[in-house]
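K.L.:
Quick one: structure below, then a few questions.
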Amino acid sequence: MGRGRARVRERSETLRHRLQRELESGPQTVRDLSVRVRIPEKEVISHLEHVQRSLRRSPQRLHVDPAECLQCGFRYQKRERLTSPSTCPRCRSQRIAPPLFRVEARSQREP
Ligand SMILES: [Zn+2]
């Protein structure tokens, strides 16, 4: 009883540590992370949300370089979601560079 659940939790904690290590090594897209850690992109996104939350009180943070339209240069600054938009709201292009994620030390200026 309960052992299966414990194993699942252990597995996702290990995955998050591996993801975090990848993110500390430099900027990565969701696809990069999915290939490196060998889990589907959907799972990467849910783990990223967890990493983002769990770093909130730590000296590190998850930095997101927003997605950018390769056609007109529009940047998705306000996009809180970690997923990539499929169409540019300004020029309707579908050539969108995906957001880049990395874990970095919080700068001194930030609260
Ligand atoms: Zn555009």
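The values are calculated or read from the model by the stated rules, or taken from the named source; none is laboratory data. Since the model is a prediction, treat every value here as computed from it, not as a measurement. For the accessible areas, the whole protein counts, side chains as well, though only heavy atoms, and no ligand, DNA or RNA atoms are used. Shrake-Rupley method; radii C 1.70, N 1.55, O 1.52, S 1.80 Å.
K.L.:
Enter the accessible area per residue of the chain (Å², integer; probe 1.4 Å; all protein chains in place).
P.N.:
Details: 8110 Å² over 111 residues.
Ligands and nucleic acids excluded, the figure is 73 Å² per residue.
K.L.:
Evaluate the Debye formula for segment 1-50 with equal point scatterers sitting on the alpha carbons, no solvent, and hand back log10 of I(q)/I(0) at q = 0.18, 0.19 Å⁻¹, in q order, two decimals.
P.N.:
-0.54, -0.59
K.L.:
Let me ask something additional. Using 0.36 nm per residue of separation minus the Cα-Cα distance, give me the extension gain between Arg95 and Arg36 in nm, one decimal. Before the final figure, lay out each step's value.
P.N.:
On the way: separation 59, 0.36 × 59 = 21.24 nm, distance 2.39 nm.
Stretched out fully, the Arg95 to Arg36 stretch lengthens by 18.8 nm.
K.L.:
Okay, moving on. How far, in degrees from 0 to 90, does helix 41-54 lean away from the longest principal axis of the Cα atoms of the chain, to the nearest 10?
P.N.:
Once rounded, one gets 80 degrees.
K.L.:
On the first, second and third principal axes, largest extent first, how far apart are the outermost C-alpha atoms of the chain in Å?
P.N.:
55, 35, 22
K.L.:
With a 1.4 Å probe and every protein chain kept in, tell me what percent of the accessible surface of the chain is carbon plus sulfur. All intermediate terms of the calculation are to be shown ahead of the outcome.
P.N.:
Values: 3750 of 8110 Å².
The value for the chain is 46 percent carbon and sulfur by accessible area.
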